[in-house]
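Just below is one structure, and these are the notes that go with it.
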Amino acid sequence: MTDASPLAHPAVAMLARETRLHEGVTPREIGSVTVPPGRHWLHEDSFLLVTESGLRFFYRRGEGVTIERPNGPTDPAEEYLWLNGSIYAAIACINGLYPIHASAVACGGQVFAFTGPSGAGKSTLVAQLTRHELPMFCDDTLVLDLSQPGQVLCLPGHKRLKLWPDAVEMTGARPAEQVMASVPKFYSEPAGGTVVDVLPLTELCFLEEGDTAWIEPLHGGEKLVRLQDDHYTTDLIMAASRPDRIARFAQLANLARTIRLTRFVRPRDASRFAVDAALVERHVKAMARPVSEQAQ
């Protein structure tokens, strides 16, 4: 069951409110810590980020985001990347949400997400799956709402799909402008469109490289280990909530109980890409069916 409009969901409305942007002067330190260029710091209900180019972003709960631009021209493309990356994730964490490093598709009113290190092929796989009636839900960052017992809700993706030129060609996505002059990726429209509803997360799949393509479920302690990602979003979660070992274990155990965790192993061979992606397509569509239908 989803709301008629995603903005009707309290967490989505909160993020829309908290990410409002205005120009002003930002503090030089946060929590008595001076933040140099290229670094960020999260302290209690505030977050300060300073880029190498001199852009400064400051967020405090209830006040939105302040941007301070250095003297001289700035690149709007760079501002967009920061606002929809680290800053958005920090705001989510400070307000009790749980962002993870994943791209995802929707099927049957459910979300199927794919995670792995940068370069693992998350965005490319999602772009390919959208060609087969599996619209994109998000790219690169998936924000979870863990407030509902026994259910993990996914908030609609806020980031545009970014693909390398060869991935655009392989997946049939429609390329738009280049991400940045220094970033040779292109924003792209997935062939199968996107979904903007609040939906439950059914499966999180870890992308791995191997000699043959196969999918298998994860079990036991491996599930807890896999959920401890080393992405910057995990660092932000830990800084915002400061859980002790017991609370952190309970958090990960709840995720492991609530969603299915799998691994998708495949060779990184462009000539096999479509065939291997079709294996994932069949898996997602089978798992999205009601249990009564899966048994038939």
How long is the gain from GLU208 to ARG268 if the chain were fully straight, where each residue apart is worth 0.36 nm and the alpha carbon distance is subtracted? 20.7 nm
If we sort 141-150, 125-134 on the protection proxy, mean other Cβ atoms within 10 Å, highest first, what's the order? 125-134, 141-150
Expressed as a rounded percentage, what relative contact order does the stretch 92-135 have, with Cα pairs under 8 Å and six or more residues apart? 34 percent
Roughly speaking, to the nearest percent, how much of the stretch 225-296's 1.4 Å accessible area is carbon and sulfur? 55 percent
In square nanometres, what is one fourth of the surface area of the convex hull spanned by the alpha carbons of the stretch 94-134? 3.7 nm²
Please figure out what share of the DSSP beta bridges in the chain is antiparallel and state it in percent, rounded to the nearest 5. 75 percent
If packing is taken as the average number of other Cβ atoms within 10 Å across a peptide's residues, how do 242-250, 258-266, 82-90 rank, most packed first? 82-90, 258-266, 242-250
Relative contact order, percent, of the chain when contacts are C-alpha pairs under 8 Å separated by at least 6 residues? 17 percent
Quote the relative contact order of the stretch 1-90 in percent (integer), defining contacts as alpha-carbon pairs under 8 Å separated by 6+ residues. 25 percent
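The values are calculated or read from the model by the stated rules, or taken from the named source; none is laboratory data. Quick caveat: nothing in here was measured; it's all calculated off a predicted structure. Using ideal geometry, Cβ is built from the backbone for each residue, glycine included, and neighbour counts are taken over all protein chains shown. Heavy atoms of the whole protein, side chains included, go into the accessibility calculation; ligands, DNA and RNA do not. Shrake-Rupley method; radii C 1.70, N 1.55, O 1.52, S 1.80 Å.
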